[in-house]
1. Across segment 313-320, in residue order, what do the Karplus-derived ³J(HN,Hα) couplings come to in whole Hz, using 6.51 cos²θ - 1.76 cosθ + 1.60 with θ = phi - 60° and x for Gly and Pro?
2. Please sort 423-434, 331-342, 159-170 by packing, taking for each peptide the average over its residues of neighbouring beta carbons within 10 angstrom, highest first.
3. Under 16 Å from the Cα of Lys60, which lysines turn up, not counting those fewer than eight places away in the same chain?
4. So what is the diffusion coefficient of segment 114-315 in µm² per second by Stokes-Einstein at 25 °C and 0.890 mPa s, using a Kirkwood Rh over Cα pairs?
5. As a check on your grasp of the helix formula, calculate [θ] at 222 nm for the chain: sum -39500 (n - 2.57) over DSSP H runs of n ≥ 4, divide by the residue count, round to the nearest 500.
6. Just to check, using Stokes-Einstein with a Kirkwood Rh over alpha carbon pairs, what's the diffusion coefficient of the chain at 10 °C and 1.306 mPa s in µm²/s?
7. Does segment 302-451 come out rounded, prolate or oblate by the C-alpha gyration tensor, with a ≥ b ≥ c the root eigenvalues, rounded set by a/c under 1.5 and, if not, prolate when a/b is larger than b/c and oblate if not?
8. Step through the residues of segment 44-55 one at a time and calculate ³J(HN,Hα) from phi using the Karplus curve (6.51 cos²θ - 1.76 cosθ + 1.60, θ = phi - 60°), rounding each to whole Hz and writing x for Gly and Pro.
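The values are calculated or read from the model by the stated rules, or taken from the named source; none is laboratory data. Keep in mind that this is a model prediction, so the values were computed, not measured. Cβ atoms come from the backbone with ideal geometry, glycine included; neighbour counts cover every protein chain shown. Please note that ligands, DNA and RNA were not included when accessible areas were found on the heavy atoms of the full protein model with its side chains. Shrake-Rupley method; radii C 1.70, N 1.55, O 1.52, S 1.80 Å.
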Amino acid sequence: MEDLRVAGERLRVAVVGAGPSGLYVADELSRRGGTSVDILDRLPCPYGLLRYGVAPDHLKMKSLVATLEPVLGRPGIRFIGNAEVGTEVGNSVTVDELREAYHAVVYATGASRSRRLCIPGEELPGSFASSRLVAWYNAHPDEPAMTPLAGARAAIVVGAGNVALDLVRMLLGGCTDLRLTDVPDDVVDSLRQAQLSEVHLVARGTPAQAKFTTKELRDLDALDDVDLVVHATPAELDAAAADGATPVAQRNLRLLGEWARRPLRGARRTAHLHFGLIPTEVLGTSRVEGLRLQPAAGSAAVSRVLPAQVVVSAIGYQGRPIAGAPFEAETATIPNIDGRVQRDGSVSPGEYATGWVRRGPSGVIGTNKLDALQVVERILEDLPILPPPRTDRTVPVLLAARGLRPVEWDGWLAIDREERRLGQARGTERVKVRARADLHGLADAAAGSSRPLADG
Ligand code: NAP
């Protein structure tokens, strides 16, 4: 395959973020011609949302990793983990340093910050943003091992998107035996030993306005020993379906109607689905004791207090600003036109954005593949005008000059081997390692020396 060239030089690209969006860009670029692509991630492990966002019991979705793994092993593509972009402190490189060393920089940093409810009591112990609980059960290195459900009998999840459904399901033990997933033993134990008898999903909109999709809703019905209680009458649900609902909403309404008509099974635990209720206060003195709710405009629901010891808000995500890169606070995205980044209202040559940081947190993982295709098209169109690198100081060189060394592909493979070994012992494909120190220890052993890295 011919090299992609800029003024006679092989195209050199830095992709910031080793989640599906970034990997799809690397994949597509390498299919179009010979390129040098460095994929940076602030974590020691690749795969971003697939590893740390997708719910562990969604095994089929998680298995997408197998299709992305070969991309990272391809000639010309380098994984550079534990390399943060934004500042010069710790294990970081700056955006300017990247722009000096590569023809193109592609931001694929996703949207990892949870939106907050901004109501009184939200900071009480027992109240969590979705990002924290999702990070906990997915063994994210930034979230320490904890026992968030200890002593809780009821939990409330606020929001009506797929993340809210993931949380309801996981709090009730997931729809797959958790020992057959990749979650660490302490998470399996914590979820298995949880004494939750009730989990409530609270939506502010009507059932027709819910953002979740039907397959994900249906997964609630696969939970073991759980009754589903829909707080809407079959007549209301039928009327909403007949009233110009979208095809997805109609499918959701039909399923909710089925559940609303079905007699309860007398299960040990119950998942409640409430609509038309707005949270106004997390109640409690030293920790969460409940959630105060008021009816949304036009809703027939009535004001009430739901007692609970855990409240999770799952009301969407936002991108994080990267120091040195433009950022639009209102949309929490990098301003761009068709993926070409804009600085001060004009296109900035050689800078691109893809995935959630480009368009906001919407769509399924596959949606990011389309984004990546478009961004690669833009890069190829722009080849004649890409600014030539002014230095050969690519990221490993920059970090080495500061006495730091990233986790590269052999380091990740060592982590991967250990996780598979742990998995074999439990009869599953892998069991994740959580702690940064352990991840670095495994990577270091593969690299054959100790790592003088800041533990960011
Ligand atoms: P989402 O789909 O945007 O849902 C956010 C929910 O939060 C909406 O129901 C929204 O209600 C509600 N909300 C927002 N602000 C609120 C407030 N102040 N008070 C109460 N409720 C509020 O976001 P998400 O669930 O985080 O999902 C993000 C993306 O990932 C989506 O595209 C989703 O489909 C995808 N995802 C997919 C899967 C899967 O395929 N299995 C799993 C997880 C996530 P309004 O509609 O009233 O604004």
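1. 9, 10, 10, x, 10, 9, x, 9
2. Details: 423-434: 17.1, 331-342: 18.7, 159-170: 24.6.
Descending mean neighbour count gives 159-170, 331-342, 423-434.
3. Lys215
4. Details: Rh = 17.2 Å.
Rounded to a whole number, D works out at 143 µm²/s.
5. Details: 16 runs with 150 residues, N = 456.
Rounded to the nearest 500, the figure is -9500 deg cm²/dmol.
6. On the way: Rh = 23.4 Å.
D, rounded to a whole number, is 68 µm²/s.
7. On the way: a/c = 2.03, a/b = 1.09, b/c = 1.87.
Note, shape of segment 302-451 comes out oblate.
8. x, 10, x, 5, x, 4, 5, 7, 10, x, 4, 5
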